[in-house]
1. So, in the stretch 1-18, how many residues would count as being β-branched (Val, Ile, Thr) and open to solvent by less than 100 Å² (accessible area, probe 1.4 Å)?
2. Residues in the stretch 37-69 that are of a type in the set (Ser, Thr, Tyr) and touching a Ser or Thr at 6+ places or on another chain (Cβ under 9 Å): how many?
Amino acid sequence: MKQIYDFNRKSPPVITENMIRAEMERLKLQRETALLATGSLLIVLCLFIMAVTLYDSMPLLSIACAVYIYVSAAGGSVIALVLTQKRRSLIK
């Protein structure tokens, strides 16, 4: 493993238990967010498949599914844009 610090020249960076806990919490939140996004995409995919399959027998339900998919995609895009802008303003 490559050593990134030369401990003979200077002391290692200070790290506290709170810093480790904060990093673990951040990684946990990223994992949960990825699972939530994956789950919501799978639900929308299932609704799309249902809309295509039901079009012949129940066109009204199929259209309702398509409208829901459109609204869901639009809402998700708006949320993603807002969060991206907030993150950029926090980083600056």
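1. 1
2. 4
Per-residue answers, yes or no, for (1) modelled with pLDDT under 90; (2) surrounded by 11 or more Cβ atoms within 10 Å (Cβ to Cβ); (3) assigned to a loop (DSSP other than H, G, I, E, B):
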{"site": "Ile20", "(1), (2), (3)": "no, no, no"}
{"site": "Glu23", "(1), (2), (3)": "no, yes, no"}
{"site": "Arg31", "(1), (2), (3)": "no, no, no"}
{"site": "Leu35", "(1), (2), (3)": "no, no, no"}
{"site": "Leu42", "(1), (2), (3)": "no, no, no"}
{"site": "Leu47", "(1), (2), (3)": "no, yes, no"}
{"site": "Ala64", "(1), (2), (3)": "no, yes, no"}
{"site": "Leu81", "(1), (2), (3)": "yes, no, no"}
{"site": "Ser89", "(1), (2), (3)": "yes, no, no"}
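The values are calculated or read from the model by the stated rules, or taken from the named source; none is laboratory data. Predicted model, so just to flag it, every value in this text is computed and none were measured. Cβ sites come from the backbone with ideal geometry, for glycine too, and all protein chains shown count toward neighbours. Protein only, heavy atoms only, side chains kept; ligands, DNA and RNA dropped before computing areas. Shrake-Rupley method; radii C 1.70, N 1.55, O 1.52, S 1.80 Å.
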